[in-house]
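Here, each number is a calculation from the coordinates, and none is a lab measurement. Since this is a predicted model, take the numbers as computed values, not measurements. All Cβ positions, glycine included, derive from the backbone under ideal geometry; neighbour counts span all protein chains shown.
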Amino acid sequence: MTGFGRGTAVTGTWLANVELSTVNRKQAEVVVQMPRELAEIESRIRKHVQSVVARGRVQVTINLEPAEGGDAAVRVDAPLARAFEAAFNQLGDLIGRKIQPSAADYLRQPGVLAIGTREMEAATAWAAIAPALDEALTQLTTMRAREGADLAADFSVRLGTLDALTQRLASGAAERPVRQRELLLKRLRDAGLGLDPSDERVVKELALFADRCDISEELTRLDSHLAKFREYMVATDPPGRALDFLCQEIFREFNTIGSKANDAAIAQTIVEAKTELEKIREQVQNVE
């Protein structure tokens, strides 16, 4: 589900600003953007986010500034500056004239100059990042919960439609084998085969034919799947993957009923049910 959260926290050394944004995705993916000096705590940040977010692509943006009164300083990355100087000299050799880079040329290069504390220690930075990250996650979760409530209301309406369509199928399920038996006997008579309906072979074939068009088992499983879907909707654990699986199972039952029934009215009901189910399945991809 989509969402956004922002958090700020300050310690004696750092002021941390954390922003989180999520977009829909079937799996969990966390992308962290922060100062490269803190690369060692990136996995810690990922785990912290994934403990709250189970599905979706999460963009984490972390900015650190020296806290007011902190030990701020301008730091120069001397090896990087010398590397840029060597690159300018090499470029001059390639084009056949000497290049004299200005101070602005160095200032434009990322990482040559940085403003911050003299030592950016991960443990010190985490003390400011952690509470800011928790605040951002709280806001994100609240926003995603509101979207989840809207999705749940939509699912309830569509599940009611599927219930009604299932009941329509069930209302004629008991009579369907009888109608199929009568249809088969009529075809035998029209073919002029002169078979006795009480003949054991005919009776056996009729029984097999009736069994093949019986959809009572599929209807029972449909009721179970729909009830389970409603249970997962109010579960405390993230239900997204379970709901996705149930959509596949519900589709399979409707598909089997359509194949077994061989009836125009039932086929029309199946089309309506699959259309409604597809709308649910599309939204389930967005569920946590």
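Considering the options Leu94, Gln33, Val178, tell which one lies farthest towards the positive end of the dipole of the chain, charges being +1 on Lys and Arg and -1 on Asp and Glu at the Cβ, about the Cα centre.
Working it through, the farthest residue towards the positive pole turns out to be Leu94.
Could you name the lysines whose alpha carbon sits less than 26 Å from that of Lys279, not counting residues in the same chain fewer than 8 places away?
The qualifying lysines are Lys26, Lys228, Lys260.
Under a GNM of the chain (C-alpha, springs under 10 Å), which listed residue has the highest mean-square fluctuation: Val31, Val76, Val18?
In the Gaussian network model the winner is Val76.
Under a point spin-label approximation (7 Å from Cα along Cα-to-Cβ), what is the Glu182-Asp223 distance to one decimal in nm?
Between Glu182 and Asp223, the label points sit 2.6 nm apart.
Stokes-Einstein at 37 °C, 0.692 mPa s, Kirkwood radius from Cα pairs: D for the range 235-288 in µm² s⁻¹?
Roughly 273 µm²/s, to the nearest whole number.
Please state, as a whole number in µm²/s, the translational diffusion coefficient that the Stokes-Einstein equation yields for the range 1-144 at 20 °C and 1.002 mPa s, with Rh defined as the Kirkwood radius across alpha carbon pairs.
124 µm²/s
Connecting C-alpha atoms closer than 10 Å in a GNM of the chain, tell me which of Glu85, Glu42, Glu121 has the biggest fluctuation.
Glu85
At a Förster distance of 41 Å, what's the computed FRET efficiency of Ala152 paired with Ala104, Cβ-Cβ distance as r, to 0.05?
0.15
Taking the Cα centre of the chain as origin and charging only Cβ (+1 Lys, Arg; -1 Asp, Glu), how large is the dipole, in debye to the nearest 20?
The calculation lands at about 580 debye.
Return P(r) of the range 143-284 (all Cα-Cα pairs; 10 Å bins starting at 0; whole %; ordered from short to long distances).
So the P(r) values, bin by bin, are 10, 36, 24, 15, 9, 4, 1, 0.
When the C-alpha atoms of the chain are aligned to their principal axes, what extent does each axis show, in angstrom, from largest down?
107, 51, 25
Find how many whole Å separate the alpha carbon centroid of the range 1-66 from the alpha carbon centroid of the range 217-288.
36 Å
With a ≥ b ≥ c the root eigenvalues of the C-alpha gyration tensor of the range 201-281, is it rounded (a/c under 1.5), prolate (a/b larger than b/c) or oblate?
Prolate, since a/c reaches 1.5 and a/b exceeds b/c.
Span-like helices, the chain: DSSP H, alpha-carbon axial extent 20 Å or more, mean Kyte-Doolittle 0.5 or greater, which ones?
Answer set is 78-95.
Taking R0 as 41 Å, what FRET efficiency do you get between Thr124 and Val23 from their Cβ-Cβ distance, rounded to the nearest 0.05?
So the FRET efficiency works out to roughly 0.80.
Need one number: nm distance between label points at Gln33 and Thr142, each 7 Å from Cα along Cα→Cβ, rounded to one decimal.
In this crude label model, Gln33 to Thr142 measures out at 2.4 nm.
Counting only helical runs of four or more DSSP H residues, what would the 222 nm mean residue ellipticity of the chain come to if each run contributes -39,500 (n - 2.57) and the total is spread over all its residues?
When only DSSP H runs of four or more count, the value is -20500 deg cm²/dmol.
Relative contact order (percent) for the chain, with alpha-carbon contacts under 8 angstrom and 6 or more residues of separation?
Reported relative contact order: 22 percent.
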